[in-house]
Structures are given as structure tokens and as C-alpha cells.
There are 2 protein chains.
Amino acid sequence: MTKISPMDEASRLTLMKALSGWDYDSAEGALTKSFRFKNFSEAWAFMSRVALLAEKMDHHPEWFNVYSRVDVKLTTHDADGVTERDTDMAAAMDRFAG
Amino acid sequence: MTKISPMDEASRLTLMKALSGWDYDSAEGALTKSFRFKNFSEAWAFMSRVALLAEKMDHHPEWFNVYSRVDVKLTTHDADGVTERDTDMAAAMDRFAG
């Protein structure tokens, strides 16, 4: 696949302002967030919506789940960093987590 | 919840012989396995079946997913170690991945 560029820092910071509770991991070039739900059922409902979107976007998160917790890392491997695909997905996750 | 005991080593080793590719993490008192699938769709199908079983058993895995890979850790927190709930779930996961 063609190598693409990660977004510049100013763009990332601007787009991250529209997000809720995401951190930037500079070592990994990734957006990270830990979502907490009431129980596994709610966590899984969230993950299921994300899974459908991820497959549709062909852009998949790295994520860890235990019971009501879902830790997410978003990065664009083809860019070795964060792109709009990541900020778009982060925004969708915020909406899904409501 | 009442504290229960983890299974003894002999029982664990016997039950693990019926499993496929699981390791025992002695520091964590957990069974671990990394499942690989063809793509995210297959990984997610596997995870969905496990999620339904986990909710039914009220016994939930710790798991990490990125695209076609699913890393699983099974332990029984009330026992601080591995119980039959973990070996039962491990066996079910092997069937689902089969």
C-alpha cells in the first residue's frame, strides 16, 4: 500500500479538541483512550458498533477488554502515526459510548 | 463473593492436555493463548461467540485484539488462579476457533 503521511501536530491538536478524553501517545504515534461501562454487556455493545464501523472503514483498532473496560489505541500503520482515519474513528467511538 | 480455591497443579495439567496451544502464566495464575485468524471478520466472529458464552457463564476473558489476532488471558479472580471455569472456557474457545 502507498505510504501516507501522518497529520501534522497542529491539525492533530485541533481535531483532538473535538474529542473527549483521548490522549496522544507520541512514542507509538497513536491516540489512546480507556472507556468504562457499567458491565460487560454495555462494553460489548460498544465494541460491536465499533467493529462494524472498523470493517466498513477497513481501519481497525488495537483494543483490550476486560469486563466493563475497553482500552483503545488508534494509529494508521501505513502512516506510522495518526491520520484523519484515527480522529474520525475516535469521534465515532465517543458517539457510540454516548 | 465467597473465595474459592484454584485447581491444583495436577488437575490443571491434566485438563490442559485436552486443550490446544494454551500456556500457563504462573505469575498471573492464568491460561493464555494467542489466536490467529484470516482477517478481522473471522476474529470478530470468534470473539462474538466467546462474548455470548462469557455473559452466559458470567465469566469474562481479558483479551486483546488487533485485526486478525486475539490474545486471551483466562483467570478466576475469586480464586486468584485457574479454575474449571477457565479450562471450560478455554475448551469452548478452541472449539469456536476450530
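Here is a check on your reading of the model: is B:THR87 more than 11 Å from chain A (Cβ to nearest Cβ) and in contact with a Ser or Thr (Cβ under 8 Å, 6 or more places away or on another chain)?
No: the conditions fail for B:THR87.
In this structure, does B:ARG69 turn out to be out of contact with any Phe, Trp or Tyr (no Cβ under 9 Å at 6 or more places or on another chain) and under 22 Å from A:THR75 (Cβ atoms)? The answer is no for B:ARG69. With respect to the conditions (1) farther than 25 Å from B:GLU55 by Cβ; (2) open to solvent by 40 Å² or more (accessible area, probe 1.4 Å); (3) away from every other protein chain (no Cβ under 14 Å), A:LEU31 falls short on a single one, namely (2).
For region B:45-58, state whether one or more residues are among the aliphatic types (A, V, I, L, M), within 20 Å of A:TYR67 (Cα to Cα), free of Cβ contacts under 8 Å to residues at least 40 places away in the same chain and touching a His at 6+ places or on another chain (Cβ under 7 Å). Yes: region B:45-58 contains one or more residues that are among the aliphatic types (A, V, I, L, M), within 20 Å of A:TYR67 (Cα to Cα), free of Cβ contacts under 8 Å to residues at least 40 places away in the same chain and touching a His at 6+ places or on another chain (Cβ under 7 Å). Among the residues of region B:4-23, is any closer than 23 Å to A:ASN39 by Cβ and not aromatic (Phe, Trp, Tyr)? Taking every residue of region B:4-23 in turn, at least one turns out to be closer than 23 Å to A:ASN39 by Cβ and not aromatic (Phe, Trp, Tyr).
Applying the condition of being over 20 Å from A:PRO6 (Cα atoms), touching a residue at least 12 places away in the same chain (Cβ under 8 Å) and assigned to a strand (DSSP E or B) to region A:61-94 and asking which residue is most open to solvent (accessible area, probe 1.4 Å) yields A:ARG69.
The selection criterion, being more than 9 Å from chain A (Cβ to nearest Cβ), surrounded by fewer than 18 Cβ atoms within 10 Å (Cβ to Cβ) and part of a loop (DSSP other than H, G, I, E, B), does not hold for B:GLU42.
Working only within region B:46-60, note down all residues that are open to solvent by 50 Å² or more (accessible area, probe 1.4 Å) and either more than 10 Å from chain A (Cβ to nearest Cβ) or at positive phi (or both). Residues satisfying the conditions are B:ARG49, B:LYS56, B:MET57, B:ASP58. The number of residues in region A:70-88 that are under 20 Å from A:ALA45 (Cβ atoms) and touching a helix residue (DSSP H, G or I) at 6+ places or on another chain (Cβ under 7 Å) comes to 3.
Just one of the listed residues (A:SER20, A:SER26, A:SER11) is more than 14 Å from every other protein chain (Cβ to nearest Cβ), of a type in the set (S, T, N, Q) and either under 18 Å from B:VAL70 (Cβ atoms) or touching a helix residue (DSSP H, G or I) at 6+ places or on another chain (Cβ under 7 Å) (or both), and it is A:SER20.
So the check is Cβ under 7 Å with 6+ separation or different chains; which pairs have a first residue in region B:3-18 that's more than 13 Å from B:THR87 (Cα to Cα) and a second one that's surrounded by 16 or more Cβ atoms within 10 Å (Cβ to Cβ)? As it stands, the answer is B:ILE4/B:ALA79; B:ILE4/B:THR83; B:SER5/B:ALA79, since those pairs meet every condition given.
Kindly indicate whether A:TRP63 is at the interface with chain B (Cβ under 9 Å from one of its Cβ atoms) and out of contact with any Cys (no Cβ under 6 Å at 6 or more places or on another chain). So A:TRP63 fits the description; yes.
The values are calculated or read from the model by the stated rules, or taken from the named source; none is laboratory data. Because the structure is predicted, anything quoted here is derived from the model rather than measured. Using ideal geometry, Cβ is built from the backbone for each residue, glycine included, and neighbour counts are taken over all protein chains shown. Heads up: the accessible areas ignore ligands, DNA and RNA and are worked out on the full protein's heavy atoms, side chains in. Shrake-Rupley method; radii C 1.70, N 1.55, O 1.52, S 1.80 Å.
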